[in-house]
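Worksheet: one structure, shown below.
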Amino acid sequence: MAFTHRQDDEAGGRADSRAADALLARVARASAGRTTGILVCSAGAAAASLAVPAVLGTTLDLLLDRAPGAGPMLAAAAALAAAEVVLGACTALLSGTVGARSTALLRRRAVDGLLGTSPSEAARHSPGEVATRLSANAAEAGAAPAAAAQVAAAALAPVGALAALVLIDPWTALAFTAGLPLLVLLLRSFARRSTESVGRYLRVQAAIASRLTDALGGARAIAASATVDAERDRVLRPLGALSTAGRGMWTVHGSAMARSGVLMPLLVTVVLAVGGLGLAAGRLSVGDLLAVSRYASLAAGLGAVAEPLGALVRGRTAARRVDSVVRAPSLLYGRSELPADGPGTLELRGVQVRRGEARPLRGVDLRVPGGLTAAVVGRSGAGKSTLAQVAGRLADPDEGEVLLDGVRLDRLTEAGLRREVGYAFERPHLTGATVAEAVAAGAEAVSAERVRWAARAAGADAFIRTLPQGYATPLDEAPLSGGELQRLGLARAFAHAGRLLILDDATSSLDTATERQVDRALTHRVRPGTRLVVAHRLSSAARADLVVWLEEGRVRGVGPHRDLWHDPEYRAVFGHADAEGAASPRRPAEGRPV
C-alpha cells in the first residue's frame, strides 16, 4: 500500500512538473523575441570568443616568422574581443528584461486564477501562502526562461572550443573528453539534489509567511491577551528548518561549484601537457599551443553551466507553486439569459458540496418563491454561508443544480447572472477611489442620485455627509467603523439590486435601529425580489417570510418562524432552552448571535 501511495505521489509530481513546464513555455513565448535575442547575442559572443584564440595564435606565428599581416590580425582580435564584451552586455540586459516581463505575466495569471475561482477554492491557500507565491516564487519562476536560454548559450562556447581542439590536435581533445563523464554525472546530481533542497526551502518559507500573516490579522487579540512573546516564538519556530533547508540548498550548489572548480583546471592542465608534448614533437606550432590553451579554458567553461542550471532548477521548482494558483478551477459561464418577467424564484435540487472530507451541504432540496424573504438559520458549521455561496453561484455544487426562475445558474452569462444576483457580506471588500465609487462599483452605470438613494436606504448617508469631502472622500482616507463598513456594503448591494439579493450576515455589526431601517428599506424601497438572508439574530428570522433551518448540511425544516418556534431544538439555535419569554412573531425581540 505504501508503495502504491509513493507511486501515486511520484505520478502526481511528474504531472505537476509537466504543467509547470507548460506554464513556463507559455510565459517564454510571450517574450519570444527577447528570448531569441538572448540566444543570438550569446551565440554571437560565443562565436567571437571562439575566433579570438585562432586569430591570436595565427598572429603569434606571423610575428615569430616575421611574416606580413600580423597587424591586421591583431586588430581583428581586438575587434572580436570588443564584440564579445558588447554582446555579453546585451545578453545581460535582455535577460533582466525577460525576467521582469515573465515575473509580471506570472503574477497577472496567478491573480486572474485566484479571482476567477470560487471563494472556497481560493481559501485553500492562506494569505501568507498566496503572498509568497506571488512575490518570491513568481520572481524565481520568472527568471527561468532567461536561465534556460543562458544554459543553452553557456554550452555553445565550450562545445565550439572542444570542436576547435579536435581540428587543431585530436590528442588534446581526447585528453579533455576523458573527464567529461565525471562532469555530466556532477551536473545531473546537482540538478536532482538542487530540486529537492529548493522545494524544502520554499515550503518552509511559505509556512513562515502564513504564520506571520495570521499573527498580523490577530494583532489586537495578541496584544490584549499578552501573548506577544508566545506568538513571536510560534511565527519564528520554522526558522530552524528554514536555516537547515537554506544550508542544504547552498551546500548542494557550493559542492557542485567546488567539484567542477577542481575538475576543470585538472582537465586544462592535462590538455596543456598533451599540447606541450605535441609542440616538442613538432606536431604543434607555438601559435597552435596558444590556441589550444585558450580553447581548453573555454571548454572548461562547461562547468559554468551549473550557475544558470541552478537558476533554472529553482525557477522550475517555484513555477510548480505558482502554477497551482494559476490552474485554480475557474467558474465557467453559459449563454442563457433569465426570463424578463421572472419573480426571482430560487430552487436547489439535490445540492451537495464537499470540502475535502467535510460536506457542508448534503442533498439540499429547497424552493424559495419569488418575492419572499427567506432567513437561513442554524448553528455554527451548519452550512449557512455555503448555501449562500451556491445560491448566487460564487461556487458550484459538487452535485445537484441551482436554478433561478427555472434557469440553471451555470448556464447563465456572467453579465446576466451578476446583474440579477447581488450580495452583501459581513466584512465587505470595497473598491473604488472614492466612497461614491465604492457604492457604484461593479455596475455598468449608476447615477450619483442612485448612489445617494442606496446610501440612505442602508443608513449610510448620514455618516458619509460628515466625512471631509462627503461622497467624494477618498476611500483610503475614510475612517470607517465595522458598522459603517457594513452599511457601505449594503448600499452597494442596494444600488445593484436585481431579482435575487443575498445577505450573508451583512447586518451583524449594525445596531438595532439601523437594522430595522435596513429591513424597512428592503421591504419598501429596494427593487422587489427574493431575499436570502443568513441570519444569526432571532429578530431577523422572526421578520422573514420564510425560515430555512439547516443542521449539519441538511435542511431540517422550512416554514414561518412562528411555526418552527414550537420546536425546542429550533429555539435552541438562538440560545433558548424553551419557549418561555420567547419573542412574539408580531413583536420580535433581539436574540443573541449564535
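Only helices (runs of 4 or more DSSP H) whose full extent lies in segment 385-500 are considered here, and the ones with at least 1 residues that are over 28 Å from the mean Cα position of the chain (by Cα) and in the same structural domain as Val353 (by TED's automatic domain parsing) are 414-420, 482-495. What about Pro560, is it at pLDDT below 70 and in contact with a Pro (Cβ under 9 Å, 6 or more places away or on another chain)? For Pro560, the condition - at pLDDT below 70 and in contact with a Pro (Cβ under 9 Å, 6 or more places away or on another chain) - is not met.
Screening Arg408, Arg367 for residues that are closer than 30 Å to Arg571 by Cα and either out of contact with any helix residue (DSSP H, G or I) (no Cβ under 7 Å at 6 or more places or on another chain) or among the hydroxyl-bearing types (Ser, Thr, Tyr) (or both) leaves exactly one candidate, Arg367.
Test each condition in (1) under 25 Å from Gly356 (Cβ atoms); (2) at pLDDT below 80; (3) not hydrophobic (A, V, I, L, M, F, W, C) for Gly113 and report the one that comes out false. Single failed check for Gly113: (2). Checking Ser135, Ser95 one by one, the residue that is assigned to a helix (DSSP H, G or I) and touching a helix residue (DSSP H, G or I) at 6+ places or on another chain (Cβ under 7 Å) is Ser95 and no other. Taking segment 267-295 as the range and being in contact with a Gly (Cβ under 8 Å, 6 or more places away or on another chain), modelled with pLDDT of 75 or more and over 13 Å from Gly57 (Cβ atoms) as the test, only Val270 passes.
So which residues in segment 337-353 are surrounded by fewer than 17 Cβ atoms within 10 Å (Cβ to Cβ) and on the phi > 0 side of the Ramachandran plot? Once the filter is applied, which keeps residues that are surrounded by fewer than 17 Cβ atoms within 10 Å (Cβ to Cβ) and on the phi > 0 side of the Ramachandran plot, segment 337-353 yields only Gly350.
The values are calculated or read from the model by the stated rules, or taken from the named source; none is laboratory data. If you're wondering where the values come from, they're calculated on a predicted model, not measured in any experiment. Neighbour counts are summed over all protein chains in view; Cβ atoms, including those assigned to glycine, are modelled from backbone coordinates with ideal geometry.
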